[in-house]
Structures are given as C-alpha cells and as structure tokens.
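First comes the structure, then the notes that go with it.
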Amino acid sequence: MHRVQPDDNNPAVRQNLYFLSLIRAIAIVGQALALLYFTTITPIGLPAVEIAIVLSIYASLTLAIWLRSYRSVPIGDSEFLLHLLSDIVFFSILLFFSGGASNPFVSYLLIPISIAAITLPRRHSIGVALLALLTYSLLLKYYVPIAAIAPGHHQMGSSSLHVLGMWANFSISAAIVIYFISRMAATLKQQQQEIAMRRDAQLRDEQLLAVATLAAGTAHELGTPLNTMKLLVDEMLLEKDPAADIVLLSKQLEQCKSTLKQLLTTAEEFHSKQQPPQPIEHYLKHLLERWQLLRPTLKTAIHFADSPELSAVFHPTIAQSILNLLNNAADASQSVDVNIAWDQKIITLMIRDYGSGLKPATMDNLGELFATDKADGLGLGLFLSQATLTRFGGSVTLQNAPEGGTVTRITLPLAALVPSSGAAT
C-alpha cells in the first residue's frame, strides 16, 4: 500500500539543480572578473579570447539550466549527475588555458565532488570524484603555462614537488569528501525518513484512537436494538416449523452479539496475557468458518498449501483485520478464492474475488481513512486492517487481476507472533 514517487520527478533534485545554477553563476562571475583584471589592469599573458569563448558557452549553459529548473519537465538523479560532470569538464578547460594544476582555482574541483557526495547515490559521487581526479592529473601535464602563477614550471625542484603535493592533497580531500560526507548525508536522509515514518505512525495511531472511541460508543448503543431483535426472533422460533430465513436470522444475531461481547473482552484478555499459542491451521480454519457463517450464500474455494505444523499467539485484532479483508472480497463478488500458506518465517493469504476490480481513480487513496470505492462503504475496513497488520510487521497489497477482479495479498511474519518458547507444536 506504499506509493513511491518516481526518481525522475523528485522535487529535491529540482531544487538542487537550482542551487547548482547559482553556484555556477558565482564561479562564472568570479572567472570573468579575474579575466578582466589580469588582461587589462595586470596582464599576465592569459589567452583571453579562448577563455572568453569557454566562459560564454558555460554562461549560456548555466542560464539554460537555470530556466529549466523552473519548468515542469521531470528532473532525475542521472541528469543532475550529467550537470556535475559537465561542470568539471568546463572548469578543466578553463584551467587548461590558465596554468593547469598550478592555477590556485584548481581546488574548485572539490565543489562538484562535495555536491555529489551530499545529493547523489554513492556510485554517482564516486564517478564524479574519479573524473575530477582524472582531469586534475591531466592538468599536471597538459596546460597552457602562465609564468606569473607557475614560476619555474620547467624546473624539477621545489616547484614540481609543490605541484605534486597539491595533487596529493586534492586526492586525499576528494576521498575524504566521498567517504565521510556521503555517509553523513546518507545517515541524515535515513534519519529524516525515520522521522517521517514516525510522524505517519503517530498520525495513524491518533486516527485509530478516534475510530476506536467511536466504535466503543457505537457498540454500546447497538446492544439494545440487538437484544430487542433477538427477543422477537426467539418468539418466531417457538412457532411450529419456523421459516429457514428466521433460523438464519437468529444465527446472524447470535454472531452479532458474540462480536460485541468479544469487543468488550479483547483488551482484558490481551493485558492479562491469557492468550495461549494455538496451531496456525486450526486458527485460520476457525476464522474462515466464522466468515462463512457470516456469508452463507457466498461461493468459496479455500485451499491450504502443505505447510509445517506451527503454533503462534494471535492478537484478537488480527482476526478482525483478516475478516474485514475477506468481507471486502465478498462484497465485490458472489465467488471468492482463498489460498493460504506459511513457512517458518511468514504467513501468506491470497484472497481473489471476481468483481469489477479497483477503480484507477481511487487506487492511490485506498488504505487511507474514509477512502473507499464502494457506494455504501465507510472507508474504515481497509484502513483498520492495514494499520493493525502493520503493527505486527505485516502488509496488505491490492491489485487488479489480469482476468478481472481483485487480488488481496496479506503477509504476516511469524517473528511477531511466535511465543518465546518456540514455534513448533
């Protein structure tokens, strides 16, 4: 029931691209001012025409990307990676025309590495670091020498050692950025996800508490009319040869009273820890018998796969959750198939109905409070079932079957159910 946003429509990537455009603009303005200063005020022999052409192309690309960040076209991590790689390429060309690795601005190559380490997956950030290191290495050998910033570059003395030391420092800095900052960024993202999950869980618990309070009051109110109907039906049963519908109605009323009574005793049983382990097969068969009693006219095909004999402690709300999902299937069609299997780790129930299937307009909202695709539905059954099963590590997924109808898949891990003494019977 989880919905994941596609990677190519991530608003965070769009925001990062906008900030990257601002960083580019700052770098371009700085390079342009430096070019103007060192060609007009203090000439140092820079190839001004070549550098101006590269800066113009780079500025045009930056403007186009800045405008793109405002458009509704999807932007993904792969595109953001290409922008960082292009930054390295363009800046390396500028360095080539302005002294290569001896240019003091060569450390700017750490900026794309840092951005990649924070915003992109590890494999992408490693790729950015490797390209930056490669271009740095090439700039040690291939460049247009500028004597003013690299005096003695033809000598093999201290100047060469200084350049090699700069290269080593850049390599170590890049490795530190990739390893530590990317790990810190990943940890921060994980913490943010956990906070968001806790917030969603807290909101769901508050909704459950409100529904539970309403349910308790409703159950109390239903007791009086149910007792009245039961008295009237019992009088009809005393007549000679009561109709079959009266007998069926009596059973349904008994089931309703039993359900209300169980609602009142569930909390007491759970807190007093009086629930003993019970065989999984017996528990599920008894549960399905209750369901079939509630749906006497429904055609059911129930299949138990060959599974090991295991026992577990089932919280009373688990039965209610499964019954809700079974009833949803029964409401959708007159025929329902149920396939059940389990192993040492997980219980799986597959519920297949042959109704009209899920409507595309409502599929994204299913599982939320008061969301339903039934004309007379309350939007509580799936919400309560999903919330309950999630508490025990389970899950509920619904999808349309290719041949029509809906397939509901329930999973429930045994790790949250088995008693501490073991699972085997």
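The table below gives the values:
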read-out	value
Residue list for segment 35-50, filter: surrounded by fewer than 15 Cβ atoms within 10 Å (Cβ to Cβ) and assigned to a helix (DSSP H, G or I)	L36, Y37, T40, I41, V49
In segment 10-61, residue nearest to L81 (Cα to Cα) [restricted to those that are at pLDDT below 85 and of a type in the set (V, I, T)]	V13
Filter pass, L67 being hydrophobic (A, V, I, L, M, F, W, C) and either in contact with an Asp or Glu (Cβ under 7 Å, 6 or more places away or on another chain) or surrounded by fewer than 15 Cβ atoms within 10 Å (Cβ to Cβ) (or both)	yes
Matching option when the condition is more than 20 Å from T406 (Cβ to Cβ) and in the same structural domain as T388 (by TED's automatic domain parsing), among R290, R295	R290
Test for T300: is it modelled with pLDDT of 90 or more, assigned by TED's automatic domain parsing to the domain that holds S395 and surrounded by fewer than 19 Cβ atoms within 10 Å (Cβ to Cβ)	yes
Filter pass, P151 being more than 27 Å from L22 (Cα to Cα) and modelled with pLDDT under 85	yes
Scan of segment 53-63 for residues that are surrounded by 15 or more Cβ atoms within 10 Å (Cβ to Cβ) and either over 38 Å from the mean Cα position of the chain (by Cα) or of a type outside the set (A, V, I, L, M) (or both), ordered by number	V54, L55, Y58, T62
Qualifying residue in segment 282-289 (condition: over 27 Å from K230 (Cβ atoms), in contact with a helix residue (DSSP H, G or I) (Cβ under 9 Å, 6 or more places away or on another chain) and modelled with pLDDT of 90 or more)	yes
Any hit, segment 105-121, residues being out of contact with any helix residue (DSSP H, G or I) (no Cβ under 9 Å at 6 or more places or on another chain), within 24 Å of S171 (Cβ to Cβ), touching a residue at least 24 places away in the same chain (Cβ under 8 Å) and surrounded by fewer than 18 Cβ atoms within 10 Å (Cβ to Cβ)	no
W66, sole failed condition from (1) farther than 24 Å from A175 by Cβ; (2) over 32 Å from the mean Cα position of the chain (by Cα)	(2)
Subset tally (residues that are of a type outside the set (G, A, S), at pLDDT below 85 and in a loop (DSSP other than H, G, I, E, B)) for segment 65-101	5
Candidate set: segment 294-307, residues that are of a type in the set (G, A, S) and not in a strand (DSSP E or B); chosen: the one farthest from P413 (Cα to Cα)	A305
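Residue-wise test of (1) closer than 24 Å to L82 by Cβ; (2) at pLDDT below 70; (3) assigned by TED's automatic domain parsing to the domain that holds R24.
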{"residue": "I115", "(1), (2), (3)": "yes, no, yes"}
{"residue": "L120", "(1), (2), (3)": "yes, no, yes"}
{"residue": "L139", "(1), (2), (3)": "yes, no, yes"}
{"residue": "Y143", "(1), (2), (3)": "no, no, yes"}
{"residue": "I146", "(1), (2), (3)": "no, no, yes"}
{"residue": "Q155", "(1), (2), (3)": "no, yes, yes"}
{"residue": "S160", "(1), (2), (3)": "no, yes, yes"}
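The values are calculated or read from the model by the stated rules, or taken from the named source; none is laboratory data. The model shown is predicted, which means the values in this text are computed figures rather than measured ones. Every residue, glycine among them, receives a Cβ derived from its backbone with ideal geometry; neighbour counts consider all protein chains shown.
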